[in-house]
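Heads up, the thing below is written out as structure tokens.
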Amino acid sequence: MDLISRENPARTTEIVGRVPVTGADGVDAAVRRAASAQREWAARPIGDRVATLRQAAETLAGRVGELAVLLAREAGKPLADCRGEISFALAHLRWVCEHAPRVLAPAETDDAAGRLVVRRAPYGVVGCVTPWNAPVILAVVKLAPALAAGNAVVLKPSPLAPLTVGEVAAALPGVEAVHGGAATGRALVTHPLVRKVAFTGGDAAGREIAAAAGAMLTPTVMELGGNDPAIFLPDFALSGDDYERLVMATFATSGQVCMAAKRLYVPRARTAEFTEAYRAAAARVLVAGDPLTPGVTMGPVISAQAADRVRGLVAASVERGGTEVTLGRMDADPESGYFVTPTLVTGLDDHAPLVAEEQFGPVVPLLSYDTEEEALTRANAGELGLGASVWSADEDRAFALAARLEAGFVFVNTHNRTGMSLRAPFGGVKRSGYGREYGEEGLLEYVQSAVVHAPAAFRRDGAGMSATAYPV
Ligand code: NAD
């Protein structure tokens with residue numbers, strides 16, 4: 001049997017755990033088990049389903065400490081972040097349990113037009129394919145609404161962080177986990193009994209999965225990459241704490257977050273002041289090192305390949321005339337793991353690869369602008385439209401500009417996870433994806449309307465209607 005061995009990205013000689021690779025036969029068996037469990041699960045009243053899920057949330061809440069250590073070791077994220085991610089995932093699960101019975105209740109009408117019931121029916125088996133950067137929350141944000149709605153789930157996590165999410169999946173009812181890379185993912189998304197596919201990951205895999213699922217007429221929800229602009233309006237007034245939050249909005253999880261602040265647009269007249277305050281805030285808050293060491297706020301990147309790619313982006317930026325500003329403090333031996341020095345780059349044009357493409361690593365470009373219209377046009381350039389932020393002392397002014405940004409989620413005076421809300425739908429526009437997670441829309445993503453209708457004309461005392469008439 002093939003095994004995936006996952007090393008600790010901070011100490012690459014340490015193997016954190018192994019999972020077996022699931023072949024096509026194994027995927028088939030998992031989907032069939034899920035399909036048969038789903039019928040019984042869906043037949044239970046929603047109150048029973050959410051009670052079972054609440055119980056699972058409580059059991060997992062007692063294991064946050066242990067799971068966080070495992071997550072820190074396999075994904076290279078600081079321990080406090082790992083605790084935060086798992087606790088946030090459980091908060092999301094509880095939010096779903098609280099709201100699903102209302103949001104998914106059937107709408108029933110019985111009036112002069114007839115009797116109409118619109119049910120929110122589950123799809124059946126949902127196939128979920130997820131990435132490694134926030135493996136627990138990015139799985140739970142699919143599993144919780146799908147399960148509450150009466151679906152079963154087969155989850156294929158990333159082979160780069162399969163361990164913690166495997167434990168979480170095992171604690172939830174109606175979930176099968178399969179492991180492996182693209183081949184296992186392909187077998188899952190093209191399985192004839194998979195009725196919906198939920199994907200979070202990069203552009204290339206997203207296109208391939210959407211095409212493969214499309215060939216099966218299987219609907220998809222796609223959460224893809226972002227290249228989030230953060231626009232600082234000329235009146236921006238940031239305290240030291242605000243700058244620290246801004247630094248972490250880029251460098252949390254070593255910049256490997258879909259909605260990280262990835263391009264900073266600063267008024268030209270305030271660029272020097274901004275750069276200095278940003279550098280000073282990073283010196284206070286950004287400590288790169290082993291994720292299990294207290295006080296460390298940034299770990300390594302996920303793999304040697306990711307480290308090479310990000311260092312290549314910095315080198316290409318310098319060759320193009322950019323200036324590197326090294327940030328924070330490196331407390332790790334860079335040779336022990338996949339550590340990349342956190343860096344700000346100034347003096348780039350918008351066509352530089354670091355600006356035009358998603359960097360997904362601990363480096364960020366600072367770009368100067370002259371007018372608000374220019375900043376807006378430059379921020380909206382490109383194919384991605386996941387998140388964005390506007391920073392201003394005047395909230396109304398920030399909201400006015402936010403409404404003109406091509407992004408699925410605009411944060412005001414913050415960015416990244418500090419701006420998230422369990423009740424707000426999250427997802428991208430343009431090539432950042434389609435469909436939504438979180439909030440009521442996130443619940444509705446896993447149901448289809450199924451209607452039962454008795455028109456008044458044909459009920460016991462109805463007046464009848466000509467066989468060729470329209471019901472108007
Ligand atoms: P990836 O696309 O390489 O992999 C994601 C998952 O898809 C993994 O489980 C992988 O094994 C699987 N996969 C890859 N190719 C496949 C194929 N052809 N068929 C089936 N499965 C396949 O992404 P990654 O490197 O794990 O994650 C990084 C990307 O994810 C970034 O672009 C990031 O912005 C994006 N992301 C988006 C969100 C969001 O909510 N929008 C959140 C986190 C990450």
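Summed over the range 173-189, residues that are out of contact with any strand residue (DSSP E or B) (no Cβ under 8 Å at 6 or more places or on another chain) and surrounded by 22 or more Cβ atoms within 10 Å (Cβ to Cβ) total 1. Of the residues that make up the range 113-129, is at least one under 21 Å from the mean Cα position of the chain (by Cα) and either on the phi > 0 side of the Ramachandran plot or within 9 Å of the ligand (Cβ to nearest atom) (or both)? Within the range 113-129, one or more residues are under 21 Å from the mean Cα position of the chain (by Cα) and either on the phi > 0 side of the Ramachandran plot or within 9 Å of the ligand (Cβ to nearest atom) (or both). Residues that are part of a strand (DSSP E or B), away from the ligand (no atom under 16 Å from the Cβ) and surrounded by 24 or more Cβ atoms within 10 Å (Cβ to Cβ) do occur in the range 138-153.
Conditions tested, residue by residue: (1) in contact with a Ser or Thr (Cβ under 9 Å, 6 or more places away or on another chain); (2) hydroxyl-bearing (S, T, Y); (3) part of a helix (DSSP H, G or I).
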{"site": "F199", "(1), (2), (3)": "yes, no, no"}
{"site": "R207", "(1), (2), (3)": "no, no, yes"}
{"site": "G226", "(1), (2), (3)": "yes, no, no"}
{"site": "A230", "(1), (2), (3)": "yes, no, no"}
{"site": "Y243", "(1), (2), (3)": "no, yes, yes"}
{"site": "F251", "(1), (2), (3)": "yes, no, yes"}
{"site": "V266", "(1), (2), (3)": "yes, no, no"}
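Quick check, is A388 within 16 Å of the ligand (Cβ to nearest atom), closer than 21 Å to D203 by Cα and open to solvent by less than 20 Å² (accessible area, probe 1.4 Å)? Yes, satisfied. Scanning the range 163-203 for residues that are near the ligand (Cβ under 9 Å from one of its atoms) and among the acidic types (D, E) returns a single hit, D203. In the range 226-254, the residues that are among the acidic types (D, E) form Cβ pairs under 8 Å with partners that are in a helix (DSSP H, G or I) and open to solvent by 10 Å² or more (accessible area, probe 1.4 Å), at six or more places apart or across chains, as follows: D235/R397; E244/R284; E244/V285.
Entry remark, the range 204-258: residues being away from the ligand (no atom under 15 Å from the Cβ) and open to solvent by less than 30 Å² (accessible area, probe 1.4 Å) number 9 in total. Restricting the range 65-108 to residues that are more than 17 Å from I302 (Cβ to Cβ) and in contact with a strand residue (DSSP E or B) (Cβ under 7 Å, 6 or more places away or on another chain), the residue that is surrounded by the most Cβ atoms within 10 Å (Cβ to Cβ) is L104.
The residue of the range 11-34 that is farthest from S303 (Cα to Cα), among those that are in contact with a Lys or Arg (Cβ under 9 Å, 6 or more places away or on another chain) and open to solvent by less than 20 Å² (accessible area, probe 1.4 Å), is V27. Looking across the range 209-239, the residues that are under 18 Å from C258 (Cβ atoms) and not hydrophobic (A, V, I, L, M, F, W, C) come down to T220, E223, G225, G226, N227, D228, P229.
The values are calculated or read from the model by the stated rules, or taken from the named source; none is laboratory data. Not measured: the values here are computed from a predicted model. A quick note on method: Cβ atoms are made from the backbone with ideal geometry, for glycine too, and the neighbour counts reach across all protein chains shown. Ligands, DNA and RNA are stripped out before the accessible areas are found, and what is left, the full protein with its side chains, is counted by its heavy atoms. Shrake-Rupley method; radii C 1.70, N 1.55, O 1.52, S 1.80 Å.
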